[in-house]
Amino acid sequence: MRGKLRREWPLFAVAVIVVAGAWLLYAVWRSPHRSDLSTYGAFVVAVVALVAGWIAWAWHRARRSPVARDARAEDLNRVADLLAVAVRKQWDLAAGERGLAGADPISVSWGRPTLPVAGPAAAAAGSQRFDPLPGLPPIGEAELAGGRIADLHAVYGGLRSGRLVIAGPPGSGKTGAAVLLILAALKYREQLASADRLKIPVPVLFTAQDWDPRRQPVADWLAGRLQETYPLFTGSAGAANAAALIAAGKIAVILDGLDEIAEQLRPAALQALSEQASFRLVVLSRTAEMASAASSHGVLQGAAAIELRPIDPAEAARYLERVQLDPPPQGWRELTERIRSSSSSPLSQALDSPLMLTLVRDTYQAGDDARELLDFCDTTLQHTSGDQATGKITGHLLDRVLPAAYALRPGQPPPRYDLQTARNSLTKIATRMNQDGTRDLQWWRIHEWASRLQRFVVFGLVFGLAVGLAVGLAVGLAAGLAAGLAAGLAAGLAVGLAVGYASMGGIEPPHRIGKLRLQRALSRESVVFGLVFGLAVGLAVGLAGGLAGGLSVGLAVGLIDLLADPDSTGSTSPALSWRDDRRYALAVGLAVGLAVGLVFGLVAGLVAGLVVGLVVGLVAGLVFGFICSETWPSSLAAAQLARQWHTPVHLIRFLDDARGPRPREWCMGRLICSDRFVAAGRVGVT
């Protein structure tokens with residue numbers, strides 16, 4: 001009985017507060033000393049704000065109770081399971097697009113690194129940092145000597161240090177190995193009983209280019225990346241869940257691109273990971289860059305290291321035979337024979353990585369067109385040899401990507417964009433990404449490609465004109481043309497300056513609409529923020545206006561969390577992510593506009609008219625919703641880039657068209673590009 005009371009006392013407290021507030025309002029309304037409607041309206045606003053604050057306090061106290069802490073642990077387990085579903089959907093799609101999901105993928109082996117990139121394998125195997133994952137045996141030094149990609153999950157789960165470095169040259173298949181590791185780990189997690197499943201962390205894969213270890217702890221950076229990548233972590237509640245999952249060790253992190261951050265940051269990043277990472281960690285890196293960072297006192301403490309091996313010529317030939325007709329055309333037979341005949345030939349060395357083999361597979365598909373590659377190799381070898389010839393063959397394969405991707409195919413509609421448009425647009429985008437030092441194209445950061453001054457002017461003008469016209473029309477109909485012009489000019493100028501200034505500030509990840517949960521609208525943070533804001537405004541404009549402003553702002557902040565999607569397991573494309581964020585902005589704008597409009601309509605509307613108050617509130621809410629979204633700034637920026645770079649005006653549509661079998665792979669709203677994908681106007685592939 002006592003436990004039941006402890007669980008349900010917040011409901012009783014909220015009921016008492018609401019009843020007491022309603023009785024107080026009724027008593028004052030019936031009182032003969034009530035002076036007028038305007039004064040009573042201000043009193044209503046004050047009581048409602050106070051009641052909201054008390055309700056938020058009651059819920060906050062409830063969340064701090066032992067029972068609430070138990071519920072919090074259950075919530076974290078539920079969030080971890082939802083994250084596992086989202087990650088599985090995400091990388092199932094990526095595995096299919098990369099050709100990793102077939103029954104007979106490229107066979108990649110690994111062994112000890114050829115350069116020193118980590119500490120002794122014996123130290124990693126003998127560590128006591130983690131227990132092996134349930135059902136997996138501990139990994140010893142012998143198991144770290146070599147193996148196949150299929151063995152990585154046993155190494156990852158049985159390594160007691162919980163830290164693994166996967167090294168290899170460019171194009172050796174590090175990211176593909178990581179994708180397969182993630183899917184194996186999730187499949188293993190799903191098969192266990194619930195008690196054991198809760199002990200297994202959910203693996204997530206992020207690239208590290210935007211992490212500065214000197215200024216941001218790794219846990220904070222990871223929480224931000226979880227919010228950016230998965231709608232599950234939208235809003236303040238989602239941010240708290242992301243931080244809690246990291247702190248509880250319920251996620252494992254696979255970190256790619258550490259070798260692509262600034263060279264002077266790599267040792268600092270490895271040191272930060274050594275000191276701060278309390279979760280299982282896998283680092284993907286090119287061998288030479290990792291060895292250089294390790295030699296600069298940047299060793300990842302306790303990590304075991306393996307290195308992906310080049311594809312054996314016999315295996316490369318077998319793979320190309322498996323993806324062709326049986327018997328293969330004459331050109332393909334000659335190609336595989338040449339690969340087998342000499343492991344030191346420029347052709348064999350050019351085709352010793354999964355990247356190059358998949359380029360041959362994907363760009364030579366019409367009958368016996370492999371003869372073209374053989375002719376190019378013969379011509380190249382007449383003028384060059386050795387590494388230079390290998391580089392020319394590699395470049396030739398990269399040059400074939402865009403023509404093959406945007407070629408007209410029988411029985412299919414013509415490509416939406418022609419080859420010249422694709423080449424120009426992808427080259428400009430890739431050049432910009434190289435300048436930014438990243439291979440993650442986040443669509444919600446596209447507007448940063450326009451200069452700060454351009455953003456300020458364009459965004460300010462667009463939003464200022466829209467708001468000025470709406471407010472001017474509403475006030476003009478109620479109070480006359482002169483008042484409408486003055487109000488429209490003032491509102492447009494204020495909003496234009498505010499939006500222009502906001503366009504130069506921070507970036508928010510995209511949102512999506514989820515289930516309505518009213519308690520999130522009355523969170524302590526939103527109510528406290530609203531009351532503080534209202535107090536500040538009240539000192540300037542009076543009690544009624546201050547409380548009205550504070551309550552409306554508090555509701556506005558709360559509605560952002562109310563409309564968030566805390567249960568999403570979706571893995572969205574950039575176009576879907578873009579549309580979800582636009583819908584979210586409209587929903588937030590309408591909801592906040594109604595809340596603001598009703599409050600100001602009841603208070604200020606008694607003087608200027610209820611319609612004017614509602615219109616002004618609705619316009620303010622829509623502007624608020626637009627500011628909460630990145631779709632509108634991205635659309636305006638795309639128009640600016642179309643004028644400057646001659647890229648498509650509908651840039652998101654173009655980038656989404658470049659996904660899948662095209663030369664770009666989209667995943668969870670961002671574009672994953674290769675590490676050196678711009679050279680002499682060439683755009684490569686992942």
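Quick notes
- Extreme residue, modelled with the lowest pLDDT, among residues of the stretch 432-453 that are in a loop (DSSP other than H, G, I, E, B) and of a type outside the set (A, V, I, L, M, F, W, C): ARG439
- Close pairs from the stretch 113-126: first more than 17 Å from GLY298 (Cβ to Cβ), partner of a type in the set (Lys, Arg), Cβ under 6 Å, at least 6 apart: none
- Test: residue in the stretch 178-186 that is at pLDDT 85 or above and either part of a strand (DSSP E or B) or surrounded by fewer than 18 Cβ atoms within 10 Å (Cβ to Cβ) (or both): no
- Residue check for GLU275: over 23 Å from the mean Cα position of the chain (by Cα), closer than 17 Å to PRO113 by Cβ and acidic (Asp, Glu): no
- The number of residues in the stretch 153-170 that are more than 12 Å from ILE139 (Cα to Cα) and in contact with a Pro (Cβ under 6 Å, 6 or more places away or on another chain) comes to 1.
- Condition check for ALA303: at pLDDT 90 or above, within 30 Å of GLU143 (Cβ to Cβ) and assigned by TED's automatic domain parsing to the domain that holds SER161: yes
- Qualifying residue in the stretch 248-268 (condition: of a type in the set (Val, Ile, Thr), within 16 Å of ALA293 (Cβ to Cβ) and not in a helix (DSSP H, G or I)): yes
- Enumeration of residues in the stretch 232-247 that are among the β-branched types (Val, Ile, Thr) and either under 12 Å from ASP75 (Cα atoms) or part of a helix (DSSP H, G or I) (or both): ILE246
- The lone exception for LEU357 - which of (1) crowded, with 22+ Cβ neighbours inside 10 Å; (2) under 30 Å from LEU497 (Cβ atoms) it fails: (2)
- Single match in LEU144, LEU152 (criterion: buried (at least 17 other Cβ atoms within 10 Å of the Cβ), among the hydrophobic types (A, V, I, L, M, F, W, C), closer than 23 Å to LEU308 by Cα and in contact with a Lys or Arg (Cβ under 8 Å, 6 or more places away or on another chain)): LEU144
- Where GLY135 falls short, out of the listed (1) in contact (Cβ under 8 Å) with a residue 60 or more places away in the chain; (2) small (Gly, Ala, Ser); (3) under 19 Å from VAL283 (Cα atoms); (4) surrounded by fewer than 22 Cβ atoms within 10 Å (Cβ to Cβ): (3)
- Candidate set: the stretch 445-462, residues that are touching a Gly at 6+ places or on another chain (Cβ under 8 Å) and buried (at least 18 other Cβ atoms within 10 Å of the Cβ); chosen: the one farthest from HIS646 (Cα to Cα): GLY460
- Residue satisfying condition, being modelled with pLDDT of 90 or more, assigned by TED's automatic domain parsing to the domain that holds VAL253 and over 30 Å from SER344 (Cα atoms), within set LEU273, LEU265: LEU273
- Hits in the stretch 335-376 - residues which are without any contact (Cβ under 8 Å) to a residue 60 or more places away in the chain and acidic (Asp, Glu): GLU337, ASP352, ASP368, ASP369, GLU372, ASP375
- Checked against the criterion of being in contact with a helix residue (DSSP H, G or I) (Cβ under 9 Å, 6 or more places away or on another chain), without any contact (Cβ under 8 Å) to a residue 24 or more places away in the chain, assigned to a helix (DSSP H, G or I) and outside the structural domain of ALA350 (by TED's automatic domain parsing), the stretch 205-223 contains one or more residues that satisfy it.
The values are calculated or read from the model by the stated rules, or taken from the named source; none is laboratory data. Since we're looking at a predicted model, the values are computed, not measured. Cβ sites come from the backbone with ideal geometry, for glycine too, and all protein chains shown count toward neighbours.
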